[in-house]
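Inspection log for the structure reproduced underneath, given as structure tokens.
The values are calculated or read from the model by the stated rules, or taken from the named source; none is laboratory data. Keep in mind that what you see is a predicted model, and the values were worked out from it rather than measured. Cβ sites come from the backbone with ideal geometry, for glycine too, and all protein chains shown count toward neighbours. The protein model used for the area step is the full one, side chains on, heavy atoms only, and it has no ligands, DNA or RNA in it. Shrake-Rupley method; radii C 1.70, N 1.55, O 1.52, S 1.80 Å.
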Amino acid sequence: MPTNSKTSDTTAAETKSAAKETAVTETARDTTEEQAVHDRQFRAEMIVKEHMIASLGLGLIPFPLVDIATGVASNVTLVSRLCALYDQPFKASIARTAILTIMGTVGSIGAAVTVGFSLAKFVPGIGTAAGTVTLPIANAATAYMIGKMFIGHFEMGGTLFDFDPRSNVPQARSAYAKGRAMATDILTSRKKASDDTAAASAEAAAATA
């Protein structure tokens, strides 16, 4: 009996130890997976920001409608990069159709306003100024909106081929508004940095005069 009791205690201890090791392993695996998801989301956000900044520059192209075409091309590349990040198959024609549908679906804040600001460049003076100031922000906001919609879709396990551009118009509008605010902040920061640099250069020139 004592021997059986000792054996039973040893087995129980081994079982408890194995369970503890399993729990530790599962916790470590969960932590690793959570970190991987966090890292992937961070990289996705950085890709979107990079394309927002690129879109600000594309909006400055002086030729009406060419600026829109290059903006759409940039957004196709954005979707391509997100597909690669999420290990999803990519097809340019499907991505382009989805992007144009998103822009059309959100109505007054999408394709219509973008085309309007682009065509304004045909008008000398005020029209040109309005187009080159407002269109970059609209382009950047569109890039942010498209990026956020695809990130959300991919995070839910979706693919480019089952993406429905009309599935969540309120989300698209909200993302566009946030993108506009972010783009405006970026331009404001750049203008301030440029003004500070110009002021410093002027002061340096005056000091050496």
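Under the condition of being in a loop (DSSP other than H, G, I, E, B) and modelled with pLDDT of 90 or more, which residue from region 81-127 is most open to solvent (accessible area, probe 1.4 Å)?
Kept after step one, since they are in a loop (DSSP other than H, G, I, E, B), are these residues of region 81-127: 86-91, 106, 110, 123-125.
Restricting the remaining residues to those that are modelled with pLDDT of 90 or more gives 86-91.
Details: Y86: 22, D87: 133, Q88: 44, P89: 72, F90: 79, K91: 105 Å².
Applying the filter and picking the extreme gives D87.
Would you tally the residues in region 170-209 being more than 17 Å from the chain's Cα centre (by Cα) and at pLDDT 85 or above?
1
For A140, the criteria (1) farther than 19 Å from S55 by Cβ; (2) modelled with pLDDT of 80 or more; (3) of a type outside the set (S, T, Y) hold in every case but one, which is (1).
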